[in-house]
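The values are calculated or read from the model by the stated rules, or taken from the named source; none is laboratory data. These numbers were taken from a predicted model, which means no experiment stands behind them. Cβ placement follows ideal geometry from the backbone for every residue including glycine, while neighbour counts extend to all protein chains displayed. Please note that ligands, DNA and RNA were not included when accessible areas were found on the heavy atoms of the full protein model with its side chains. Shrake-Rupley method; radii C 1.70, N 1.55, O 1.52, S 1.80 Å.
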Amino acid sequence: MGGILSKSGTGEYNEILQSASCKRQRMSCIPDEDNPRLIPNLPDEISIQILARLPRIYYLNVKLVSRSWKNAVTGTELFDLRKELGITEEWLYILTKVEEDKLLWHAFDPLSKKWQRLPPMPPVAKGEEPRKVLAGLADVIRNWLGRRDPLDRLPYCGCAIGAVDGCLYVLGGFSRASAVKCVWCFNPILNMWSEGRGGLTPLQSAEVYDPCTGLWSEVPSMPFSKAQLLPTAFLADMLKPIATGMTTYRGRLCVPQSLYSWPFFVDVGGEVYDPESNTWLEMPSGMGDGWPARQAGTKLSVVVEEELYALDPSSSLDSGKIKIYSHEDDAWKVVVGKVPINDFTDSESPYLLAGFLGRLHVITKDVNHDVVVLQADPHNRSSSAPAPLIDSLGEQSDSLVESETDIWKVIATMNFGSAELVSCQVLDI
């Protein structure tokens with residue numbers, strides 16, 4: 001983030017500004033006919049101050065004004081200034097699956113309530129060594145159910161999605177049964193994808209990617225200690241341990257786990273990585289055993305204001321509950337008794353969770369199959385309620401359920417056609 005944008009003034013003004021008196025001397029103030037000022041009659045450092053205060057949604061149009069404006073709004077100086085001024089903006093980025101073989105990203109600006117479609121992700125590089133899908137019981141069941149494995153058709157299937165330093169990262173995954181070793185980075189400032197260095201080791205349980213150097217480094221493999229306790233060699237060979245979620249909580253990486261043999265999943269707690277000791281620890285039993293599952297094999301969560309939340313789908317298929325994890329009690333407890341989600345049993349990903357603007361958000365589809373973003377503030381609500389945390393085993397009255405439904409507010413809707421939700425991230429730049 002050390003890049004400095006250099007601009008100069010027009011030929012009409014030949015004076016040289018006193019750089020020693022400029023508190024924020026970032027650009028050359030020497031006039032140059034080939035590089036006109038950003039705004040006539042104003043020093044460029046003041047023009048940058050003005051552009052930095054524009055909402056981000058305008059930058060795509062602003063860069064069309066001139067080459068100098070484009071360089072300004074696609075340079076790091078302007079966004080570094082936004083950080084210093086405390087006027088960064090959080091945008092929600094949603095990954096969707098179109099049909100069965102295409103992924104598309106969409107960005108939502110909560111300030112302007114507008115959506116933007118990101119440039120398509122680059123195709124998976126050819127030449128990857130193909131990985132044969134294991135035959136046996138899983139293939140028989142798959143054929144019997146008439147379903148195809150997602151690895152056979154979806155690019156970047158099972159990839160990891162992350163956000164670091166204001167950029168989106170898509171790491172690894174599978175494409176047509178082949179392991180993908182590449183890393184793709186989306187820079188919202190430039191509005192483009194770029195490829196990072198490869199080196200991801202397929203099937204390695206844990207690696208660390210440094211976006212500054214583009215290098216991978218290994219960390220100790222997850223021990224999957226619960227998988228070692230299977231009673232027979234047959235079960236150990238059939239049920240493979242996988243990570244079913246991942247979140248950073250209280251300075252550690254929490255990874256719930258399951259044993260997997262398509263289409264069967266068995267929850268087996270999880271493990272926690274401590275970066276200070278560079279070791280894996282067994283996840284507290286209450287945290288791992290009670291972690292709500294979105295559906296078989298996936299456990300979503302989000303941290304808002306240093307609190308860990310998860311959505312527990314209801315058996316009624318038309319609602320759910322928001323649970324919060326209490327590390328003091330090592331237990332998940334209900335904090336919102338009803339979330340208005342619809343029955344999408346055929347959907348692979350009926351909802352997503354996100355935390356931005358200091359609030360909890362649920363991304364799902366309404367009865368018209370439009371994508372909706374629901375917002376709630378369970379933290380403030382619980383602080384004013386007489387009984388902030390409701391025991392998950394306790395009964396709730398109808399009036400309480402109705403009042404909890406009312407706390408949700410729809411902040412955005414969008415029709416993405418038949419696209420399904422895959423993942424989401426929040427960038428603050």
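Side notes on the structure shown:
- A protection proxy built from the mean count of other Cβ atoms within 10 Å ranks the segments 362-370, 109-117, most packed first, as 362-370, 109-117.
- Placing pseudo-labels 7 Å out from each Cα toward the beta carbon at residue 242 and residue 67 gives an inter-label distance of 5.1 nm.
- Annotation: residue 66 carries an accessible surface of approximately 40 Å², with a 1.4 Å probe and no ligand, DNA or RNA atoms counted.
- Cα-Cα pairs of segment 44-83 separated by more than 17 Å (percent): 14
- Neighbourhood charge, 12 Å Cβ-Cβ cut-off, centred on residue 281 and excluding it, Lys, Arg +1 and Asp, Glu -1: -3
- Placing +1 on each Lys and Arg Cβ and -1 on each Asp and Glu Cβ, with no other charges, gives segment 44-83 a dipole about its Cα centre of roughly 220 debye.
- Residue 168 long-range amide H proximity, modeled H, under 5 Å: 186
- Once backbone amide H atoms are built at 1.01 Å from N, residue 244 has 257, 258 as its partners under 5 Å, excluding neighbours fewer than 5 places away on the same chain.
- Amide H within-cut-off set for residue 424, under 5 Å, with H built and near neighbours excluded: 95
- Potential extension, residue 306-residue 208 segment - 0.36 nm per residue separation minus Cα distance: 33.0 nm
- When the pairs 240/365; 63/114; 97/409; 240/323 are compared against a 30 Å limit on Cα-Cα distance, 240/365 fall above it.
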